[in-house]
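Every read-out reported here was derived from the displayed coordinates using simple, explicitly stated rules and does not represent laboratory data. Since we're looking at a predicted model, the values are computed, not measured. Here the Cβ is made from the backbone with ideal geometry for all residues, glycine too, and neighbour counts use every protein chain on show.
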C-alpha cells in the first residue's frame with residue numbers, strides 16, 4: 001500500500017501501464033532498523049552502483065550531472081542517469097536510455113517510527129545533444145519513483161512505475177520501432193524483473 005508520504009511524489013494513474021515492485025525486511029529492534037534504513041538509503045541514492053547492488057539485474061546505470069559530466073556521487077535533483085539495457089540502444093540517446101531526476105523527497109516522522117527517501121525520474125532527452133527528442137523507450141509522460149522507507153521495524157524498497165506508454169512519437173524511424181518493441185517487453189514484465197532484483201538488493205541485510 002502506498003503511504004500518504006509516497007503520494008506526495010508518486011503520480012496518479014492517467015493512462016498506460018502502472019506497476020509496483022517491492023521487497024521488505026524486518027528487524028528485531030528499532031536501533032538495527034534505523035541503521036539499516038541508512039544503508040538502504042545510501043544504496044538507493046548511489047545509482048551508479050545499482051548493477052552491483054541488484055546482482056541479477058542486467059542493466060548498467062550511470063549518473064550524469066546537468067552539465068553532462070559523468071559523476072560517481074549520490075544523486076541530486078536535476079541530475080540525469082543513462083541506462084544501458086541488454087537490447088539495441090537508441091540513436092537519439094547515443095546508445096542509451098535517459099531519465100531526468102525531477103524530484104527527491106525526504107520525510108521523517110519520529111513519533112511514528114517512519115522515515116522515507118524517494119526519487120522520481122522521468123524519460124528525458126539526451127542532455128549531450130541539442131535536440132529535444134525523448135531518448136527512452138517510454139514517452140515523457142511516464143515516471144519511475146524509487147522509494148526506501150522505514151515503518152517501525154520494517155524496511156521496504158519499492159519502485160512505482162506510472163503512466164508507461166511506448167515512445168513512438170520520435171522522428172527517428174529506427175528509434176520508433178526499437179522503442180515500441182522494448183516498451184512492449186517492459187510492459188509485459190522485463191522492467192518488473194529488473195526492478196525486483198534492485199529492490200531486493202537495496203534492502204538486503
Which angle from 0 to 90°, rounded to the nearest 10, does the C-alpha axis of helix 30-45 make with the longest principal axis of the chain? 10
Would you mind checking the tilt of helix 173-185 against the longest principal axis of the Cα atoms of the chain, expressed as 0 to 90 degrees and rounded to 10? 30
Placing one equal point scatterer on each C-alpha of the chain and summing with Debye, one gets log10 I(q)/I(0) at q = 0.09, 0.15, 0.16 Å⁻¹ equal to -0.33, -0.90, -1.02
Against the longest alpha carbon principal axis of the chain, how many degrees, from 0 to 90 and to the nearest 10, is the axis of helix 191-203 turned? 30
Between residue 19 and residue 69, what is 0.36 nm times their sequence separation minus the Cα-Cα distance? Round to one decimal in nm. 14.9 nm
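Compute for region 146-205: radius of gyration divided by Kirkwood radius, i.e. Rg/Rh, restricted to C-alpha atoms, rounded to two decimals.
1.16
Set the Förster distance to 30 Å, then compute FRET efficiency between residue 32 and residue 84 from the Cβ-Cβ distance, nearest 0.05.
My answer for the efficiency is 0.25.
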Please identify, among 82, 112, 176, the residue showing maximal mean-square fluctuation in a Gaussian network model of the chain using a 10 angstrom Cα cutoff. 112
Could you give the distance between the Cα centres of region 115-168 and region 39-81, to the whole Å? 13
For region 1-122, count the residues as N, evaluate 2.2 N^0.38 Å, and divide the Cα radius of gyration by that value, please. 1.19
Relative packing of peptides 59-66, 38-45, 101-108 - highest average C-beta neighbours within 10 Å first: 38-45, 59-66, 101-108
Full-extension gain in nm, residue 60 to residue 130, via 0.36 nm per residue minus C-alpha separation: 22.8 nm
How high is the relative contact order of region 6-203, in percent, with contacts defined as C-alpha pairs under 8 Å that are six or more residues apart? 28
Residues of region 25-69 with backbone N under 11 Å of the label point set 7 Å from the Cα of residue 76 along Cα→Cβ are 65-67
Measure off 7 Å from each Cα along the Cα-to-Cβ vector at residue 173 and residue 2, then give the distance between these two points in nanometres to one decimal. 4.0
